[in-house]
Amino acid sequence: MAKKATETAKPAAGGNGAEAQPTLNILTQYVKDLSFESPNAPGSLRERSGAPGININVNVNANPLSEKEFDVVLVLSAQAGENKDTLFNVELTYGGVFRIEGFPQEHMLPLLFIECPRLLFPFARQIVAEATRNGGFPPLMIDPIDFAGMFQQKMAEEQAKSKVETS
């Protein structure tokens, strides 16, 4: 499932246009791991009077493959339950290899932890929806994720941790 997306920035004002424009390309996308469990089936497939509780967790990891290529992995897990019974548990590890060129170093972390997962998310969301539907449940349509908010929270936690360690 190779999709390409390119984002470019305009050249700096007053530039002669000879400078390389920043680019972000998706080289490939892949399912690294997919798991769906319905431990109480077929009993868990009966009609219900209300919607079950659903717990969704999201994580993003990034690893350099070379100076310009990065493996970004989006991990989505969702568990649906009613009382103490698990209706289903779905886990997806979905990755993409990105080529990032021409961006200032201070933009790299936001690109890797906000922009790259934002590009991967619609594909991962569709895989989770199809897995739950194929498991006999209504498709789980995960709401859009605020990757910028997640990144800011993670950076705040890292700063707080470093302050505690230096104290």
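The values are calculated or read from the model by the stated rules, or taken from the named source; none is laboratory data. Bear in mind that the values here come from a model prediction, so they are computed numbers and not experimental data. Glycine also receives a Cβ, built like all others from the backbone with ideal geometry; neighbour counts cover every protein chain displayed.
Being farther than 22 Å from Gln29 by Cβ and modelled with pLDDT of 90 or more, is that true of even one residue in region 111-133?
First, pick out the residues of region 111-133 that are farther than 22 Å from Gln29 by Cβ: none.
No, region 111-133 contains no residue that is farther than 22 Å from Gln29 by Cβ and modelled with pLDDT of 90 or more.
From the residues in region 132-160 that are among the small types (Gly, Ala, Ser) and part of a helix (DSSP H, G or I), which one is nearest to Leu112 (Cα to Cα)?
Applying the first criterion (among the small types (Gly, Ala, Ser)) to region 132-160 yields 135-136, 148-149, 156, 160.
Pick out the ones that are also part of a helix (DSSP H, G or I) and you get 148-149, 156, 160.
Numbers: Ala148: 11, Gly149: 14, Ala156: 17, Ala160: 22 Å.
Here the residue is Ala148.
Is it fair to say Lys163 is part of a helix (DSSP H, G or I) and without any contact (Cβ under 8 Å) to a residue 40 or more places away in the chain? Let's see the steps before the verdict.
Numbers: part of a helix (DSSP H, G or I): yes; without any contact (Cβ under 8 Å) to a residue 40 or more places away in the chain: yes.
Spelling it out, Lys163 is indeed part of a helix (DSSP H, G or I) and without any contact (Cβ under 8 Å) to a residue 40 or more places away in the chain.
Could you tell me whether Ala20 is assigned to a loop (DSSP other than H, G, I, E, B) and in contact with a Gly (Cβ under 7 Å, 6 or more places away or on another chain)?
Working: assigned to a loop (DSSP other than H, G, I, E, B): yes; in contact with a Gly (Cβ under 7 Å, 6 or more places away or on another chain): yes.
Criteria met by Ala20.
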So, first residue within 29 Å of Pro42 (Cβ to Cβ) and touching a residue at least 12 places away in the same chain (Cβ under 8 Å) in region 85-100, second residue aromatic (Phe, Trp, Tyr) and part of a strand (DSSP E or B), Cβ within less than 7 Å, six or more apart or across chains; the pairs are Phe88/Phe36; Val90/Phe36
Being exposed (fewer than 11 other Cβ atoms within 10 Å of the Cβ) and at pLDDT below 70: is that true of Gly14 here? yes
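Conditions tested, residue by residue: (1) of a type outside the set (Gly, Ala, Ser); (2) in contact with a Leu (Cβ under 6 Å, 6 or more places away or on another chain); (3) closer than 18 Å to Val73 by Cα; (4) surrounded by 11 or more Cβ atoms within 10 Å (Cβ to Cβ).
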position: Pro104; (1), (2), (3), (4): yes, no, no, no
position: Pro117; (1), (2), (3), (4): yes, yes, yes, yes
position: Val128; (1), (2), (3), (4): yes, yes, yes, yes
position: Gly149; (1), (2), (3), (4): no, no, yes, no
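For (1) outside any helix (DSSP H, G or I); (2) modelled with pLDDT of 95 or more; (3) exposed (fewer than 12 other Cβ atoms within 10 Å of the Cβ), each residue gets a yes or a no:
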| position | (1), (2), (3) |
| --- | --- |
| Ser44 | no, no, no |
| Ser49 | yes, no, yes |
| Leu74 | yes, yes, no |
| Ser77 | yes, yes, no |
| Leu87 | yes, no, no |
| Thr93 | yes, yes, no |
| Gly96 | yes, yes, no |
| His107 | no, no, no |
